[in-house]
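First comes the structure, then the notes that go with it.
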Amino acid sequence: MSDALPEVGIRGLDPRLAGWGFPRWGSAQAAGLDLHACLDAALDLAPQGPPALIPAGFTVLIRDAGWCGLIFPRSGLGHRAGLVLGNGTGVIDADYEGPLMISAWNRNPAGDPIRIAPGERIAQLVFTRVARPRLVVTDADEPASARGVGGFGSSGR
């Protein structure tokens, strides 16, 4: 794993991205690179309906096993509108070079659908380091810690 920042290639798949201002971070200190909905027409996500896969219009070429990409929802759309990722957080491994897709879901229990317009910024891509520790298989009879004996949620509220 290198200490230097990697160079990450971007392969555009949708020519409209340049007109929408991609690639760019929303501010000088933003962690997430804005991801646009590369749709041909507006998409309505029904409340509690099935998630939709929305193309981001590009691929990333990370190619350094010490790094990965994480896709998160944009906080305003998630909080105000109820738009979340269908898979929670998307993980882009360093060796994945296929088209980026955004799994979008309307978490609202009822009400109006969430309308996503072509070019709308709906998610963000954050690059982060990856630690791959050396795993050691231990004997199943080894005693568990006090926390482990209590099970899931054992530390209380």
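The values are calculated or read from the model by the stated rules, or taken from the named source; none is laboratory data. Source: prediction; values computed, not measured. Glycine also receives a Cβ, built like all others from the backbone with ideal geometry; neighbour counts cover every protein chain displayed.
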> If you go through the stretch 86-94 one residue at a time, do you hit one that is under 17 Å from residue 128 (Cβ atoms), part of a loop (DSSP other than H, G, I, E, B) and out of contact with any strand residue (DSSP E or B) (no Cβ under 7 Å at 6 or more places or on another chain)?
Replying inline: yes
> Would it be correct to say that residue 39 is over 20 Å from residue 96 (Cβ atoms), in contact with a Gly (Cβ under 9 Å, 6 or more places away or on another chain) and at pLDDT 95 or above?
Replying inline: yes
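Could you list, in sequence order, all residues of the stretch 36-72 that are part of a strand (DSSP E or B) and acidic (Asp, Glu)?
Hit for the stretch 36-72 is 44, nothing else.
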> Given the structure, is residue 112 part of a loop (DSSP other than H, G, I, E, B) and over 19 Å from the mean Cα position of the chain (by Cα)?
Replying inline: yes
>> Between a residue in the stretch 101-123 that is at positive phi and any residue that is in a strand (DSSP E or B), which pairs come within a Cβ distance under 6 Å, given they are 6 or more apart or on different chains?
In response: 119/36
> With respect to the numbered conditions (1) out of contact with any Lys or Arg (no Cβ under 7 Å at 6 or more places or on another chain); (2) closer than 15 Å to residue 123 by Cα; (3) among the hydrophobic types (A, V, I, L, M, F, W, C), which one is the sole condition not fulfilled by residue 13?
Replying inline: (2)
> Which numbered condition trips up residue 102, out of (1) touching a strand residue (DSSP E or B) at 6+ places or on another chain (Cβ under 8 Å); (2) within 17 Å of residue 69 (Cα to Cα); (3) loosely packed, with under 15 Cβ neighbours inside 10 Å?
Replying inline: (3)
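With the structure loaded, tell me whether residue 52 is among the aliphatic types (A, V, I, L, M) and over 22 Å from residue 13 (Cα atoms) or whether it fails that test. Before you say what the answer is, go through the steps one by one.
Values: among the aliphatic types (A, V, I, L, M): yes; over 22 Å from residue 13 (Cα atoms): no.
Taking the combined requirement at face value, the residue does not satisfy it.
Hey, among the residues in the stretch 6-48 that are charged (D, E, K, R) and farther than 23 Å from residue 106 by Cβ, which one's surrounded by the most Cβ atoms within 10 Å (Cβ to Cβ)? Before you say what the answer is, go through the steps one by one.
At the first step, the residues of the stretch 6-48 found to be charged (D, E, K, R) are 7, 11, 14, 16, 24, 34, 40, 44.
From the residues that got through so far, the ones that are farther than 23 Å from residue 106 by Cβ too are 7, 11, 14, 16, 24.
On the way: 7: 9, 11: 10, 14: 19, 16: 15, 24: 11.
Among those residues, the one meeting the criterion is 14.
Are any residues in the stretch 64-100 touching a Pro at 6+ places or on another chain (Cβ under 7 Å), touching a residue at least 24 places away in the same chain (Cβ under 8 Å) and within 22 Å of residue 30 (Cα to Cα), and if so, which ones? Even if it seems obvious, please write down each step before you answer.
The first filter runs over the stretch 64-100 and keeps only residues touching a Pro at 6+ places or on another chain (Cβ under 7 Å), leaving 64, 67, 83-86, 99.
From what's left, touching a residue at least 24 places away in the same chain (Cβ under 8 Å): 64, 67, 83, 85-86, 99.
Within the stretch 64-100, 67, 83, 85 meet the criteria.
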>> Of everything in the stretch 1-35, what is assigned to a helix (DSSP H, G or I) and either closer than 23 Å to residue 98 by Cβ or in contact with a Ser or Thr (Cβ under 9 Å, 6 or more places away or on another chain) (or both)? Give them in sequence order.
In response: 16, 17, 18
>> So residue 27 passes all but one of these: (1) more than 18 Å from the chain's Cα centre (by Cα); (2) under 25 Å from residue 75 (Cα atoms); (3) at pLDDT 95 or above. Which condition number does it fail?
In response: (3)
